[in-house]
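*Asks:* Right, I'll just put the structure down here and ask away after.
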Amino acid sequence: MKYNIVVVGSGPGGLKAATRAASSGLKTALVEKADIGGTCLNWGCIPTKMFLGATAASPLLHTQAKAKTATGSLGFDLPTLVQKKDRFIKGTRNATEKQLASLGVDILKGTASFSNPTTLTVTNDEGSSDVAFDKLIIATGSMPTAFPGLEPDGDCVLNSSHVLTLTETPESLIIVGAGAIGLEMGDFFSRLGTKITIVEALPGLAPTEDPDVGETFRKILKREKWGIRTGEKVQSLKTVDGKAVLTFESGETLTADKALMAAGRKPASESLTPAAAGIDCIGAGWIVTDDHLLAAENIYAIGDVNGRTLLAHAADHQACYAVAHAAGSTTAAYDSGPMPACIYGHTEVMRVGPNTAELQKAGHTVETSTSMLVANPIAQSYGSTQGFVKALWVDNKVHGIVAVGHGVSHLVAAATIIVKQQWAPEDVHSIIWAHPTLDEALEMALLAPRKPA
């Protein structure tokens, strides 16, 4: 069988690529070795947000109880929540497969590997078959990884996929890695009553974000009785006598019922045998792409596997471009525009565009203007006033926006437009900002006095 386009991997990027290609009239096949939907649907974005959404009433009640405006308690049924999550994911997978079939996409189940630059071998329990293609889009994503000595064993030391299958709430949980996965999973299990200790080798929490974001998290999580260990390297993490035992390089140990390894991901590219198609890889197997996302003359690599940005919506955006370029409807180089990113929970992070350090590394002189959420009526009404919205200015234009606090992920679309258009101060007055809204914190940040970064 020969196809105009073969897509390998069915995460957000792969699904969008297959859908776009088939809708454009191209004969399309989608190869998937596991479950349709990839990490995002099955083990990442969707199940974690279902867990956070289902338990969102807990921090809201806690906040009002502290203010003495409410009393009461909440209990959550973790086994039922896991069942609900599993049913939803299964239903979404089934609906997605039906949609693909209705568009004429052939779904090929199995592991893909290149035979040569125009042929793929797909292997499953029934054997192997060759699939020829004119063009191909690699969208295989990434998977959890760990440093030597910190490998999850599926017993007491878990990765981000294992932890979503727990049906018994651990009394205590060590989390290694204070990025999005670690902070979100810590938030969820803290709501269930688990004692959380978070460990990060770098100096601050949310280490890829503005340092003020990490400090805000530190203050909030300390009040919530989290154990916080930053700037300390871990030597080993293993199951010992039915407990998770973490050993620092200093020799000090921590013990908990479970541990989550939430630091690091690696590209899912090895089984592809990319060299057989003339594809170059770097590091752990990140696929090298040019300005048109091409890894070879007729092969694109999109999403996590190319190492540019490990976010579902980045893969989605790259998929649209790759199909358009493959179909000949664009010849321009790929341009992502400003990249939005969020961390979710009752304390959220929103960032669009580069951070201060990245702008300064590029040679820019950066100014910042900040609005504190304590002045925002919506934050006040929820009793969650910790946090801020900060605009990053270069040459009197907005080049980045960062925020931390309750509900700030809802500012991400407006912030993306503002950074994309590189607003000047006068642009703030070109629209009406509804009152009372959280958006007003964004307006106030743009109008606040600036200071050197």
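*Asks:* Once phi is turned into ³J(HN,Hα) by the Karplus curve 6.51 cos²θ - 1.76 cosθ + 1.60 with θ = phi - 60°, what whole-Hz value does each residue of segment 107-120 show in order, with x for glycine and proline?
*Replies:* For segment 107-120, the Karplus-derived couplings read 9, 10, 8, x, 8, 9, 8, 6, 8, 7, x, 10, 9, 10 Hz, x marking Gly and Pro.
*Asks:* If you don't mind, there's one more thing I want to ask. Which shape class applies to segment 218-271: rounded if a/c is under 1.5, otherwise prolate when a/b exceeds b/c and oblate if not, where a ≥ b ≥ c are the square roots of the Cα gyration tensor eigenvalues?
*Replies:* The shape class here is oblate.
*Asks:* For the modelled label position 7 Å from the Cα of Asp77 along Cα-to-Cβ, which residues of segment 23-65 have backbone nitrogen atoms closer than 18 Å?
*Replies:* Hits in segment 23-65 for Asp77 at 18 Å: 51-58.
*Asks:* Continuing with the same structure: In degrees, nearest 10, range 0 to 90: what is the angle between the Cα axis of helix 45-54 and the longest Cα principal axis of the chain?
*Replies:* Tilt relative to the chain: about 30 degrees.
*Asks:* In addition: From the phi of every residue in segment 186-202, what ³J(HN,Hα) in whole Hz does the Karplus formula 6.51 cos²θ - 1.76 cosθ + 1.60 yield, where θ is phi - 60° and glycine or proline is x?
*Replies:* Along segment 186-202, the couplings run x, 4, 4, 5, 4, 5, 7, x, 6, 7, 9, 10, 10, 10, 9, 5, 7 Hz.
*Asks:* At a Cα cut-off below 19 Å, give the aspartates and glutamates reachable from Lys27, other chains included and same-chain residues fewer than 8 away excluded.
*Replies:* In chain and number order, the partners are Glu97, Asp106, Asp130, Asp134.
*Asks:* Any idea how far apart Val288 and Ala132 come out in nm if each label point goes 7 Å out from Cα toward Cβ?
*Replies:* 3.0
*Asks:* Counting other Cβ atoms within 10 Å, which trypsin sites (Lys or Arg not before Pro) in segment 162-263 have at most 10 and lie in a DSSP loop?
*Replies:* Sparse-neighbourhood loop trypsin sites (Lys or Arg not before Pro): Lys225.
*Asks:* Of all the C-alpha pairs in segment 55-94, what % are more than 14 Å from each other?
*Replies:* 59
*Asks:* Can you give the FRET efficiency to the nearest 0.05 for Lys66 and Glu232, using r as the Cβ-Cβ distance and R₀ = 30 Å?
*Replies:* Values: r = 31 Å, r/R0 = 1.02.
Once rounded, the FRET efficiency stands at 0.45.
*Asks:* Say the cut-off is 30 Å between C-alpha atoms; which of Lys238/Lys266; Lys109/Lys266; Lys233/Lys258; Lys33/Lys361 go over it?
*Replies:* With Cα atoms farther than 30 Å apart: Lys33/Lys361.
*Asks:* Between 0 and 90 degrees, rounded to the nearest ten: what's the tilt of helix 412-421 against the longest Cα principal axis of the chain?
*Replies:* 70
*Asks:* Which FRET efficiency value, to the nearest 0.05, is calculated for Ala434 and Thr123 with the Förster distance at 41 angstrom and r the Cβ-Cβ distance?
*Replies:* After rounding to 0.05, the efficiency reads 0.15.
*Asks:* Any idea what angle helix 57-66 forms with the longest principal axis of the chain, computed on alpha-carbon atoms, 0 to 90 degrees, nearest 10?
*Replies:* 10
*Asks:* Taking the Cα centre of the chain as origin, work out the dipole magnitude from +1 charges on Lys and Arg Cβ and -1 charges on Asp and Glu Cβ, in debye rounded to 20.
*Replies:* It works out to roughly 860 debye.
*Asks:* Heavy-atom accessible area per residue, the chain, 1.4 Å probe: how many Å²? Present the calculation step by step, with values, prior to reporting the outcome.
*Replies:* Working: 20560 Å² over 453 residues.
Value for the chain: 45 Å² per residue.
*Asks:* Within segment 352-453, report the chymotrypsin sites (Phe, Trp or Tyr not before Pro) that DSSP leaves as loop and that have at most 16 other Cβ atoms within 10 Å.
*Replies:* Here the chymotrypsin sites (Phe, Trp or Tyr not before Pro) that fit, given the DSSP loop and packing criteria, are Trp433.
*Asks:* Remind me, relative contact order of the chain in percent, using alpha carbon pairs under 8 angstrom and six or more residues apart?
*Replies:* Relative contact order for the chain comes out at 15 percent.
*Asks:* Of (i) 4, 20, 30, 26, 14, 4, 1, 0, 0; (ii) 4, 19, 26, 27, 18, 5, 0; (iii) 4, 19, 25, 22, 15, 10, 5, 1, 0, which is the value of P(r) over Cα pairs in 10 Å bins from 0, in percent derived from the coordinates here?
*Replies:* Calculated P(r) over Cα pairs in 10 Å bins from 0, in percent: the matching label is (ii).
*Asks:* What nm value, rounded to one decimal, do you get for the distance between Ala357 and Ala276 when each label is placed 7 Å out toward the C-beta?
*Replies:* Modelled inter-label distance: 4.1 nm.
*Asks:* Right, something else. Among Lys49/Lys390; Lys2/Lys135; Lys66/Lys219; Lys135/Lys420, which pairs are too far apart, with a Cα-Cα distance over 20 Å?
*Replies:* Cα-Cα > 20 Å for Lys49/Lys390; Lys135/Lys420; rest within.
*Asks:* Continuing with this model, one more query. Calculate what fraction, in whole %, of the accessible area of the chain sits on carbon and sulfur atoms when a 1.4 Å probe is rolled over the protein chains.
*Replies:* Values: 10860 of 20560 Å².
The nonpolar share, carbon plus sulfur, comes to 53 percent.
The values are calculated or read from the model by the stated rules, or taken from the named source; none is laboratory data. The structure displayed is predicted, hence computed values, not measured ones. Heads up, the Cβs are rebuilt from the backbone with ideal geometry, glycines too, and the neighbour counts pull from every protein chain shown. We work out accessible area using only protein heavy atoms, side chains counted, and drop any ligands, DNA or RNA first. Shrake-Rupley method; radii C 1.70, N 1.55, O 1.52, S 1.80 Å.
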